[in-house]
Amino acid sequence: MAEYRQGRQSFVLPQPPVITAWASTAGKKESEGPHAHTFDITSQDTMFGQRTWEQAEKQMQRLTLGKLAEKANMRMTDFKLVFSGDLLNQCIGSSFSLRNTGIPHLGLYGACSTMAESLLLASMAVGGGFLDHAVAMTSSHFASSERQYRFPLGYGGQRTPTSQWTVTGSGAALVCRDGSGPRITGCTIGTVTDLGVRDANNMGSAMAPAAYATITAHLRDFGKSPVDYDLIVTGDLGQMGKEMLLELAKRDGLSLGGRLEDCGALIFDRENQDVHAGGSGCGCSAVMLCGYLLDRLNTGKLKSILFCGTGALLSPTSTQQGLPIPGVCHAVIVEGGRN
């Protein structure tokens with residue numbers, strides 16, 4: 001029998017690993033939003049000094065990993081293992097950022113759920129005694145994502161009201177066996193959920209059912225209710241996806257009101273920035289976690305959150321073939337730092 005399994009989809013960590021350091025890098029539009037002061041590095045150059053958008057994403061990850069090492073008083077070569085992924089085909093942002101560094105790497109693809117997925121796996125590896133520490137990292141870039149999933153920016157295509165703005169950003173967290181900082185006490189692994197949404201410009205609707213499925217599975221597995229957390233934070237449903245999630249919960253008599261926040265709805269000022277339904281992308285939940293959320297947990301402003309990374313598992317091939325967009329959501333319990 002699995003010793004740490006909790007219910008059908010969850011597990012507990014009896015010796016909770018600690019997030020001892022975190023770092024984030026963000027682009028120009030993100031630096032104009034309400035949480036710019038929580039990002040470690042910002043750039044007014046969306047190319048980050050590189051020749052292509054994809055190389056810019058690679059550079060963001062390198063900058064973030066370097067900042068993480070600096071904040072942890074380590075060298076990058078000291079990192080034992082990096083779990084990372086991104087939205088690019090074959091995850092080239094992550095693999096190119098780590099090439100020739102000598103750092104062991106496990107590449108992931110969970111779409112926009114990748115920050116939660118990497119954090120979940122890092123906590124399992126450290127909490128299970130396999131490593132003293134591991135890094136969870138991801139990134140996304142507005143221009144590289146638009147080119148891959150929708151239309152090249154040069155087309156000047158009209159954006160629909162349901163569309164979201166892919167965040168240009170990267171976040172990384174150092175998960176350690178010992179130390180001070182917010183602790184990871186449990187996780188819930190999501191299931192792939194597909195309710196038939198086919199619109200690649202309506203990611204929130206595609207991901208909301210997966211978020212609801214994981215949140216309800218988590219509450220069932222742990223015997224908890226939403227009031228047991230200060231916040232339930234979804235990855236990047238945006239405003240419309242957040243409203244759909246609230247409606248799904250209301251339909252079943254579950255009240256999330258007052259506890260639910262969404263990184264895609266928080267990262268931009270929707271009144272003054274032209275982002276339509278809000279933010280999205282791997283970097284959205286990554287920079288909000290590795291800044292705003294972990295800062296508040298570490299200072300005691302929040303005692304516990306359920307961090308729920310949401311991802312739309314589409315590809316250019318599946319979209320061109322008219323297939324629906326499956327969603328997935330992984331949840332991690334993060335509790336406030338030790339005094």
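The values are calculated or read from the model by the stated rules, or taken from the named source; none is laboratory data. Values in this document were obtained by computation on a predicted structure and should not be read as measured data. Neighbour counts are summed over all protein chains in view; Cβ atoms, including those assigned to glycine, are modelled from backbone coordinates with ideal geometry.
As a summary of the residue check, Phe268 satisfies the conditions (1) part of a loop (DSSP other than H, G, I, E, B); (2) over 17 Å from the mean Cα position of the chain (by Cα); (3) at pLDDT 90 or above except for the one numbered (2). One residue alone among Leu245, Leu219, Leu195 is outside any helix (DSSP H, G or I) and either touching a His at 6+ places or on another chain (Cβ under 7 Å) or not assigned by TED's automatic domain parsing to the domain that holds Gly127 (or both), and that residue is Leu195. Selection of region 84-99 for residues being crowded, with 24+ Cβ neighbours inside 10 Å and either outside any loop (DSSP other than H, G, I, E, B) or over 18 Å from the mean Cα position of the chain (by Cα) (or both) yields Ser84, Gly85, Gly93, Ser94, Ser97. Residues in region 30-56 that are part of a loop (DSSP other than H, G, I, E, B), touching a Ser or Thr at 6+ places or on another chain (Cβ under 7 Å) and crowded, with 20+ Cβ neighbours inside 10 Å: Phe39, Asp40. Candidates Ser140, Ser145, Ser180: the one that is among the hydroxyl-bearing types (Ser, Thr, Tyr) and at pLDDT 95 or above is Ser180.
Residues in region 222-242 that are assigned to a helix (DSSP H, G or I) and among the aromatic types (Phe, Trp, Tyr): how many?
Result for region 222-242: 1.
Residues that are farther than 19 Å from Leu121 by Cα, outside the structural domain of Ser145 (by TED's automatic domain parsing), of a type outside the set (Asp, Glu) and assigned to a loop (DSSP other than H, G, I, E, B) do occur in region 325-332. Scanning region 76-86 for residues being more than 11 Å from Ile103 (Cα to Cα) and either touching a Cys at 6+ places or on another chain (Cβ under 6 Å) or of a type in the set (D, E, K, R) (or both) gives a total of 2. In region 271-298, the residue that is surrounded by the most Cβ atoms within 10 Å (Cβ to Cβ) out of those that are at pLDDT 95 or above and hydroxyl-bearing (Ser, Thr, Tyr) is Ser285.
Scanning for something closer than 18 Å to Met244 by Cβ, in a loop (DSSP other than H, G, I, E, B), at pLDDT 95 or above and not assigned by TED's automatic domain parsing to the domain that holds Cys112, does region 183-190 turn up at least one residue? For region 183-190, residues closer than 18 Å to Met244 by Cβ, in a loop (DSSP other than H, G, I, E, B), at pLDDT 95 or above and not assigned by TED's automatic domain parsing to the domain that holds Cys112: present.
Candidates Thr114, Thr64: the one that is more than 23 Å from Ala312 (Cα to Cα) and buried (at least 22 other Cβ atoms within 10 Å of the Cβ) is Thr64.
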